[in-house]
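A short write-up of the structure that comes next.
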Amino acid sequence: VLWGGMCLCSRDIFLYVFIISICALISRFLYSDEVQIGPETVMTTLYTAKKYAVPALEAHCVDFLTKHLRADNAFMLLTQARLFDEPQLASLCLDTIDKSTMDAISAEGFTDIDIDTLCAVLERDTLSIRESRLFGAVVRWAEAECQRQQLPVTFGNKQKVLGRALSLIRFPLMTIEEFAAGPAQSGILSDREVVNLFLHFTVNPKPKVDYIDRPRCCLRGKECSINRFQQVESRWGYSGTSDRIRFTVNRRISIVGFGLYGSIHGPTDYQVNIQIIDYERNQTLGQNDTGFSCDGTASTFRVMFKEPIEILPTVCYTACATLKGPDSHYGTKGLKKVIHESPTASKTCFVFYSSPGNNNGTSIEDGQIPEIIFYT
């Protein structure tokens, strides 16, 4: 084919025809306000609409992408949304990734994202996936990035291309078995980091690690808490018996931790096991062997589960804490019913019941486990 004295190859012909078709599509829209967008043309049309400031056509493109957003293309569309500065579409992509994290990271488009997009996702508290599986996906991304940069796929190069993304993996949320089977053998962490994390899993007081231990909660909204006591007193002892209190809630929530009282003798470290138990079925729904440091005040100190625990309305549960440490403060003048009011959501009503058996003295009126931390 000759054009202006030049012989065009088939690729040039295709590109020329494609550009002409996009220009025709935009012209048709400008004169008739009608547009036909398909998967093959939507991104080029969006780029052209933004370049030539045609906001109505841009809105049509974003609407098309939003309607076709799924877990298996969420990362691909997120990359495009960030590239074209479409914050609304980017937010919808992130919501989809939050709700279907495993499906999204299993899709081919995940390993094609850039490092900034990867970090933006890893920073989120709302991903619904076990941290060990998230780590496996990040390793896959690092291998693909090594190939893009034409680097040998070695442990050192994977660590290099991950950069700060590695610090966003929440290794403390894994079980010791998950950590031992995956990250500890991956070669991506240094020997010192592996040792420090193993110590974090196994000893108390826990050494400081440079990784976030805040749970990822797949429920949206603001963190809430209730306190069931009206007054704090001194000297509550521990001999290995668990402090327990039963409760019901009027709506579905997700519990992420407890607030516990600390020492009356100044700054101290405690070892603690916390649990949520389905009372009727006698089934442990979640637990964590951990520790916390207190400063000697009568404040409560946060002790968190590794994953959110779903609590259903009108079902009876037992909150359990087994502390090892010196005498602590305790709560008194306890309330049987505590209502949490939110300006954006309906009321959350907790009703407390004393737990049968030996509970180290904890009851509705007095004891430990003053605070429940949750999301609605």
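Summary table
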item	result
Residues within the range 83-92 that are assigned to a helix (DSSP H, G or I) and modelled with pLDDT under 90, tallied	4
Residue in the range 341-372 that is modelled with the lowest pLDDT, counting only those that are surrounded by 19 or more Cβ atoms within 10 Å (Cβ to Cβ) and under 29 Å from the mean Cα position of the chain (by Cα)	THR348
Check on THR96, assigned to a helix (DSSP H, G or I), free of Cβ contacts under 8 Å to residues at least 40 places away in the same chain and in contact with a Gly (Cβ under 9 Å, 6 or more places away or on another chain)	no
Residue match in the range 196-206 (condition: hydroxyl-bearing (Ser, Thr, Tyr) and in contact (Cβ under 8 Å) with a residue 40 or more places away in the chain)	no
From the options ARG11, ARG28, residue that is of a type in the set (Lys, Arg), exposed (fewer than 12 other Cβ atoms within 10 Å of the Cβ) and at pLDDT below 85	ARG11
Qualifying position, being in contact (Cβ under 8 Å) with a residue 24 or more places away in the chain, under 30 Å from PHE350 (Cβ atoms) and either in contact with a Lys or Arg (Cβ under 7 Å, 6 or more places away or on another chain) or surrounded by fewer than 16 Cβ atoms within 10 Å (Cβ to Cβ) (or both), among TYR211, TYR238	TYR238
Residues within the range 296-333 that are crowded, with 20+ Cβ neighbours inside 10 Å, within 19 Å of GLU233 (Cα to Cα) and either without any contact (Cβ under 8 Å) to a residue 24 or more places away in the chain or touching a Leu at 6+ places or on another chain (Cβ under 9 Å) (or both), tallied	4
In the range 160-201, residue nearest to ARG148 (Cα to Cα) [restricted to those that are of a type in the set (Gly, Ala, Ser) and touching a Phe, Trp or Tyr at 6+ places or on another chain (Cβ under 9 Å)]	ALA165
Candidates THR41, THR48, filtered to the one that is at pLDDT 70 or above, surrounded by 13 or more Cβ atoms within 10 Å (Cβ to Cβ) and of a type in the set (Ser, Thr, Tyr)	THR48
Top-ranked residue of the range 93-108 - restricted to ones that are at pLDDT 90 or above and closer than 20 Å to LYS158 by Cβ, ranked as surrounded by the fewest Cβ atoms within 10 Å (Cβ to Cβ)	SER106
Residue in the range 113-122 that is within 26 Å of GLU86 (Cα to Cα), among the charged types (D, E, K, R) and out of contact with any Gly (no Cβ under 7 Å at 6 or more places or on another chain) present	yes
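The values are calculated or read from the model by the stated rules, or taken from the named source; none is laboratory data. It should be emphasised that the depicted structure is a prediction, and the values quoted were computed from it without experimental measurement. Don't worry about glycine lacking a Cβ; one is built from the backbone with ideal geometry, like all the others, and counts go over all protein chains shown.
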